[in-house]
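Here is the structure we will look at, set down as structure tokens.
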Amino acid sequence: LRRQMQHELKRLQKKLGITFIYITHEQEEVINMSDTIVVMRDGRFEQIGSPSEVYDHPKTSYVASFVGSANVLKGTVEKISGDTVVLRNSSGTMVCDKEHFSVSEGSTETLAVREECLRSYGNHCGENFCRRHAPYCCEAS
């Protein structure tokens with residue numbers, strides 16, 4: 001019944017061509033019903049964007065943890081090579097696509113990684129590989 005109501009509200013919104021403000025803490029509803037999402041924290045906007053922008057490219061670690069589930073890790077950029085960025089922390093090494101980063105070697109970064117982006121990389125324990133559809137953010141600390 002709840003899902004039917006979501007579809008009906010979305011149909012009405014498109015038919016009438018008006019803006020709806022729909023407030024919910026149900027993340028599935030947010031992703032399914034929204035054209036634009038506003039994530040708020042303590043009465044302030046943390047991020048405004050499309051569902052895919054907010055999920056795939058969260059601007060802060062709060063948004064990454066609030067929308068879906070993400071592992072938020074801090075690390076140091078060990079190396080930038082070709083199309084990859086290598087970050088190291090006490091848990092191991094993360095190798096990620098360079099296209100998602102604007103960082104320099106030696107900088108400390110916060111990385112939010114969603115479980116669906118993790119892949120085994122080689123035979124090295126503790127190393128993971130984030131690929132093209134990897135939803136994460138990287139922000140300078």
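Each value in this text was obtained by applying a stated rule to the coordinates, not by laboratory testing. Values in this document were obtained by computation on a predicted structure and should not be read as measured data. Here the Cβ positions follow ideal geometry from the backbone for every residue, glycine too, while neighbour counts run over all protein chains shown.
One table, with the values for the structure above:
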item: Aspartates and glutamates whose Cα lies under 17 Å from that of K79, excluding same-chain neighbours fewer than 8 positions away; result: D97, E99, E105, E109, E127, E139
item: Sorted peptide list for 82-93, 3-14, criterion being average Cβ within 10 angstrom, highest first; result: 82-93, 3-14
item: Spin-label pair E8/V72, simplified geometry with 7 Å Cα→Cβ offset, distance in nm; result: 3.8
item: Charge context of E78, other residues only, Cβ under 10 angstrom, K/R +1, D/E -1; result: +1
item: Anisotropy class of segment 54-99 from Cα gyration tensor, a/c 1.5 cut; result: oblate
item: Summed side-chain charge close to F45 - residues other than F45 whose Cβ falls under 14 Å, Lys, Arg +1, Asp, Glu -1; result: 0
item: C-alpha center-to-center spacing [segment 1-41, segment 61-80] in angstrom; result: 27
item: Environment charge at E105 (Cβ cut-off 10 Å; Lys +1, Arg +1, Asp -1, Glu -1); result: 0
item: Two-site FRET efficiency, E29 against K79, from Cβ-Cβ distance with R₀ of 35 Å, rounded to 0.05; result: 0.25
item: By average C-beta atoms within 10 angstrom, highest first, the peptides 55-61, 16-22; result: 55-61, 16-22
